[in-house]
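Below is one structure, written out as structure tokens; comments come after it.
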Amino acid sequence: MDIRNFAGNAMIILTGMLVIGCTQAESNSEPIPCQTFTVNGVNFEMVQVEGGTFRMGGTDEQGNDCETNEMPPHEETVKSFYIGKYEVTQRLWNAVIGSEHNSSYNQGCDDCPVEKVSWNDAQAFIAKLSILTKRPFRLPTEVEWEYAARGGKRSKGYKYSGSHNIDEVAWYVGNYQESKYGNMGTTHPVGMKKPNELGVYDMSGNVWEWCEDLYNKEYSQNGKKIHSGWPFTGTYLYFRRVLRGGSWGGTAKGCRVSYVDYDMASYQDEYGGFRLALDMEQDSIQ
């Protein structure tokens, strides 16, 4: 599938509004603000993630499962931003790009995440959505993704996004066959499992999620140093892009909040989708 030159002529109906308290992970917690948008009659929600500082990488709760590229754990600071409450669904993809450009493996499940989407395809979707909504949507950075997956400032230090028990929060190889949705019975409708501390769903399992970042950790491991400007402009095609969160076909190990995967920007398969992000600074709602 190549949708980068796609231009639709359909009439698009758009709204954006701030809804206070539309997400509440626990009954005794303060409601979390979010925005709701509508595109061609399809709603999607963006959850506010309050900025803060956290420990990223192979932290103690990850135990012995950590890979080399998760080490050492280190401190990162994140500005406030919005992240998609759910992975981008086939319903939302069809509303923006058109069902004729939906090559998902598990068809017949509009509320399942869109998959067989490359990083390049995700960027084409985001460009189209941003034009239609007049909002600068994007992919989350890897740091933002992990901060949100860990629950942000509300984090309880879980191994997976929202629990130490993977079956509570994720569809993965150990349980995806328990129920069938769509013509292939692989992915599941978003939001069926327990949310994490921010009220965000499926950040562990269901589909891998593309992040904005280039993967360049192989150039900085084992004490090696790289130029502060690396990778240089013009070399991006030779780098892979970061994927996070695991999938329906993967193991529990890959669904951990600190696990890092990566692939070429043009790569697509039935395990990979994405989630939206939006900057707070560029939010025009007063």
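Just the residues that are closer than 23 Å to residue 215 by Cα, charged (D, E, K, R) and not in a loop (DSSP other than H, G, I, E, B), please, taken from region 42-94. Listed by number, the residues that qualify are 55, 65, 70, 75, 76. Taking the residues in region 119-134 that are in contact (Cβ under 8 Å) with a residue 12 or more places away in the chain and either of a type in the set (A, V, I, L, M, F, W, C) or in contact with a helix residue (DSSP H, G or I) (Cβ under 8 Å, 6 or more places away or on another chain) (or both) as candidates, determine which candidate is surrounded by the fewest Cβ atoms within 10 Å (Cβ to Cβ). Here the residue is 132. Of all residues in region 38-67, those satisfying the criterion of being open to solvent by less than 50 Å² (accessible area, probe 1.4 Å) and either among the small types (Gly, Ala, Ser) or in contact with a helix residue (DSSP H, G or I) (Cβ under 6 Å, 6 or more places away or on another chain) (or both) are 39, 42, 44, 49, 51, 52, 54, 56, 57, 58, 63, 65. When 111, 121 are checked against the criterion of being farther than 26 Å from residue 57 by Cβ, part of a loop (DSSP other than H, G, I, E, B), among the acidic types (Asp, Glu) and touching a Phe, Trp or Tyr at 6+ places or on another chain (Cβ under 9 Å), a single residue qualifies: 111. Determine whether residue 158 is touching a His at 6+ places or on another chain (Cβ under 6 Å) and either assigned to a loop (DSSP other than H, G, I, E, B) or closer than 26 Å to residue 51 by Cβ (or both). In short, yes. Of all residues in region 77-91, exactly one satisfies the criterion of being in contact with a Ser or Thr (Cβ under 7 Å, 6 or more places away or on another chain) and either modelled with pLDDT under 95 or surrounded by fewer than 20 Cβ atoms within 10 Å (Cβ to Cβ) (or both), namely 77.
Does any residue of region 139-162 turn out to be open to solvent by less than 50 Å² (accessible area, probe 1.4 Å), in contact with a Leu (Cβ under 6 Å, 6 or more places away or on another chain) and modelled with pLDDT of 95 or more? The answer is yes; a qualifying residue exists. Of the residues making up region 124-155, those that are of a type in the set (Ser, Thr, Tyr) and either outside any helix (DSSP H, G or I) or in contact with a Gly (Cβ under 9 Å, 6 or more places away or on another chain) (or both) are 133, 141, 147, 155.
Considered as a group, the residues in region 95-118 that are out of contact with any Lys or Arg (no Cβ under 6 Å at 6 or more places or on another chain) and farther than 22 Å from residue 204 by Cα include one that is surrounded by the fewest Cβ atoms within 10 Å (Cβ to Cβ), and that residue is 100.
The values are calculated or read from the model by the stated rules, or taken from the named source; none is laboratory data. Just so you know, these numbers come straight off a predicted model, no measurement behind them. Positions of Cβ are backbone-derived with ideal geometry, glycine not excepted, and every protein chain shown enters the neighbour counts. For accessibility, only protein heavy atoms count, side chains too; no ligands or nucleic acids. Shrake-Rupley method; radii C 1.70, N 1.55, O 1.52, S 1.80 Å.
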